[in-house]
1. Let me test this: with uniform point scatterers at the alpha carbons of region 119-211, what is the Debye-based log₁₀ I(q)/I(0) at q = 0.21, 0.24, 0.25 1/Å?
2. Which net charge results when you count Lys and Arg as +1 and Asp and Glu as -1 among the other residues whose beta-carbon is under 12 Å from that of residue 69?
3. Put a dot 7 Å past each Cα toward the Cβ at residue 351 and residue 253; how far apart are the dots in nm?
4. To the nearest 0.05, what FRET efficiency results for residue 146 and residue 172 with a Förster distance of 25 Å applied to their C-beta separation?
5. Between residue 419 and residue 525, what FRET efficiency comes out of the Förster formula 1/(1 + (r/R0)^6) with R0 = 51 Å and r the beta carbon distance, rounded to 0.05?
6. Hey, what did region 70-183 get for relative contact order, percent, Cα under 8 Å, at least 6 apart?
7. Rank these by accessible area, largest first, 1.4 Å probe: 286, 251, 172.
8. Within region 420-489, what percent of beta bridges assigned by DSSP are antiparallel, to the nearest 5?
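The values are calculated or read from the model by the stated rules, or taken from the named source; none is laboratory data. Here the structure is a predicted model, which means the values were calculated and not measured. Here the Cβ positions follow ideal geometry from the backbone for every residue, glycine too, while neighbour counts run over all protein chains shown. Side chains are part of the model used for accessible areas, which takes the heavy atoms of the whole protein and leaves out ligands, DNA and RNA. Shrake-Rupley method; radii C 1.70, N 1.55, O 1.52, S 1.80 Å.
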Amino acid sequence: MNKPKRYSILIIDDEKANIITLSDILKTDYKVYAVKNSKEAVETAEEDMPDLILLDIVMPEMDGYAVITALKKSEKTRDIPVIFITGLDKNEAEETGLSLGAADYIPKPFNYAIVKLKVRNQIKLIERIRQQALMAKISHNFLSDSRVEVLYTDTLRMIGEFMDTATVLLYFLDDNGSTLVCQNEWIKPGLNLKTRIGDKFELNESILLTLKNLLANSSDNICIHSKNPAVENLIKLQREHFDNYITTPIFIKGEMRGILVFSSENEELEWSESDIDLAVLVSSIFSGVFERNEIEHDLNAVLKLKAELIAAKEQAEHLSRAKSEFLSRMSHEMRTPMNSIMGMLQIINMNSIPENIKNCFYEIDKSSHNLLRLIDDILDISSIEHGAMKLSTLAFNPYILFKEILQTACYNATEKQQVVNSRVDPTIPDSLKGDEKRLKQVIANLLANAIKFTPEKGEISLEARVINSDDNLITLQITVTDNGIGIAKGQQDKLFKIFEQVDGSLTREHGGIGIGLSLSKRIIEMMGGKIWVESEPNKGAAFHFTCKLQILI
């Protein structure tokens with residue numbers, strides 16, 4: 001089969017001998033035709049649009065200078081390169097020809113090698129220019145809003161027509177990375193070939209190893225040729241249609257994810273360097289497009305995910321606000337009947353009643369105070385979550401505060417025959433400024449927990465000491481110690497989380513809803529301090545916290 005001639009050359013010369021000589025030199029590689037009448041040259045060029053024109057300078061009626069001037073004035077032929085044929089003085093002919101737009105010149109008598117070389121150089125330049133225009137068009141298309149699948153198919157068509165191939169097939173690896181699947185194709189019209197879309201090409205271990213070695217040993221222009229002995233026999237059984245092809249890999253993020261296959265129906269065709277360069281360039285464009293699409297897809301996924309997270313955050317904030325508002329309303333509503341109950345109990349206790357009935361009312365009163373304290377804690381948590389809780393900065397006597405707290409603790413401990421000890425640092429100033437109510441609330445909560453989790457006849461202690469002091473600010477450390485049931489280290493993180501308890505079962509021995517320590521932690525942090533625990537199972541616990549208070553001068 002004869003090698004296809006991709007490029008055409010028009011010879012314009014009035015001498016038959018010149019036409020015959022040039023045709024014999026060029027006809028092996030190019031489609032060559034000639035015009036002897038210089039007046040017909042422009043019309044012939046406009047009709048046939050050759051890729052290159054060889055133009056004699058000395059001709060009757062119209063010389064070569066007049067012909068090239070006419071060619072450059074025509075919108076259709078102005079870009080066709082022209083090489084002058086001349087036997088005139090070299091310098092004069094070259095200067096005049098270049099000034100009129102000639103690309104080069106060939107001297108007479110003809111030298112076979114020079115003619116071949118100068119024509120080949122111009123054809124290579126033509127190829128580069130056309131390739132650049134084609135790549136610019138393809139790149140521009142991928143920036144359009146057209147559907148991606150249409151862009152792929154159009155690109156394969158443009159490349160196939162430009163390279164004059166039989167087929168251009170686009171394969172991608174499946175999710176397993178072991179099978180190439182044809183996703184897009186271009187088939188030259190008139191070949192009457194069946195579609196290859198969906199065809200699978202299994203990559204066995206031998207093929208994968210061969211491809212890996214080829215890619216590792218290739219330069220930047222990676223191209224696998226069907227005539228390469230390493231692959232010719234390896235994949236011949238899996239080929240269809242044509243055995244003459246070149247393949248270029250498509251890389252995405254540094255990994256081979258697909259291939260482009262350019263096939264020719266001409267078994268004798270030798271793929272040119274220009275063909276290979278173009279195939280590699282097209283693969284690099286596809287690599288860039290696919291990688292960009294993956295990045296955009298990942299970015300879009302992140303932006304959806306981001307929108308979902310924002311929506312979830314807004315929903316959570318809405319639910320949190322609704323929960324806090326509900327707790328606040330509920331707590332306020334519960335306070336009203338509780339105040340009535342406690343008020344009626346006080347009136348009853350003012351009257352003379354039997355001792356056994358009085359004990360019942362005592363239990364009711366104690367439970368009412370516990371319930372009211374719980375309601376207050378819920379209100380405080382709601383206030384903190386809304387950022388509504390503020391600390392006061394009023395003057396108070398810390399010794400009076402400790403005395404009142406200890407009186408209540410000792411009273412509550414008598415029921416379990418427990419002992420409450422205390423040690424208050426005498427260097428603590430007797431006049432401080434801060435939120436006395438909140439400080440008292442935290443200490444009382446720690447003592448109440450110590451009493452609750454310490455067995456009968458147990459021992460609880462309260463210690464307050466100064467750990468830092470200057471002219472305006474004092475830092476206290478308060479410690480509440482017991483010899484109760486203790487807490488395992490793995491469970492201690494739960495202590496300060498809202499609504500959590502070390503023992504969260506419904507049948508737990510001790511009461512409470514796990515709100516006191518969480519509330520205490522938040523109050524302490526607002527006071528510029530921290531709270532922590534030291535404990536071991538069955539060895540009691542020591543709760544420590546620090547707080548900063550102003551010194552009243």
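1. Each listed q maps to, in turn, -1.07, -1.15, -1.18.
2. +2
3. 8.2
4. 0.80
5. 0.95
6. 13
7. Greatest to least solvent exposure: 251, 172, 286.
8. Within region 420-489, antiparallel bridges account for around 65 percent of the total.
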